[in-house]
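Read through the structure below, which is laid out as structure tokens, and then see the notes.
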Amino acid sequence: MFVVVNKFILAKHFDGVVLWPFIVVKRKELKNNSVFMNHERIHLKQQVELLIIFFFIWYFFEYFIRLIKYRDSYKAYNKICFEREAYANEKDLNYISNRPFWNYRKYL
Ligand SMILES: [Zn+2]
């Protein structure tokens, strides 16, 4: 895992983006935020489990389906199963070690 600080490639409302094996964060301080970093590490794990490419296909497909349903980009983003899993478990710093394989399916 590599953590990169770059504020230019991130959209206004996002503090981080994950593209295995990289976590790109907007500000250096975020690297010390264990809950934030745990959220991003959950995405790393999800990506590996879906061979990266299928994660992104699924992620954007689900985003567009939910966007049509909710007509609200923030709500659509929040309802993506990968985000729901990450937000629900980001405070549990042992989650990644105990997490069952493909556990995002629980959040569909
Ligand atoms: Zn996320």
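The values are calculated or read from the model by the stated rules, or taken from the named source; none is laboratory data. From a predicted model like this one, the values you see are computed outputs, not experimental measurements. Note that we place each Cβ from the backbone using ideal geometry, even for glycine, and neighbour counts take in every protein chain shown. Keep in mind that these areas ignore ligands, DNA and RNA; they rest on the heavy atoms of the full protein, side chains included. Shrake-Rupley method; radii C 1.70, N 1.55, O 1.52, S 1.80 Å.
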* To do: For TYR74, tell me the accessible area in Å² from a 1.4 Å probe, rounded to the nearest 10.
  => 150 Å²
* Largest to smallest accessible area among HIS39, HIS13 [probe 1.4 Å] -> HIS13, HIS39
* Asked: Which loop trypsin sites (Lys or Arg not before Pro) in region 22-80, with loop taken from DSSP, have no more than 16 other Cβ atoms within 10 angstrom of their Cβ?
  -> ARG27, ARG71
* Asked: How much of the accessible area of the chain, in percent, comes from carbon and sulfur atoms when a 1.4 Å probe is used?
  -> 62 percent
* Structure fact -> Taking a probe of 1.4 Å and leaving out DNA, RNA and ligands, the chain shows per residue an accessible area in Å² of 65 Å²
* To do: In vacuum, with every alpha carbon of region 19-108 counted as one equal point scatterer, what does the Debye formula give for log10 I(q)/I(0) at q = 0.10, 0.13, 0.19, 0.25 Å⁻¹? Two decimals, please.
  => -0.26, -0.43, -0.92, -1.34
* **Subset of LYS7/LYS106; LYS7/LYS45; LYS28/LYS106; LYS45/LYS75 violating a 30 Å alpha-carbon distance limit** => LYS7/LYS106; LYS28/LYS106
* Using only alpha carbon pairs under 8 Å that are at least six residues apart, calculate the relative contact order of region 28-103 and give it in whole percent. => 39 percent
* Structure fact -> Highest GNM mean-square fluctuation among PHE22, PHE36, PHE14, for the chain with Cα springs under 10 Å, belongs to PHE14
* Asked: When the chain is modelled as a GNM with alpha-carbon springs shorter than 10 Å, which of ASN38, ASN78, ASN89 fluctuates the most?
  -> ASN78
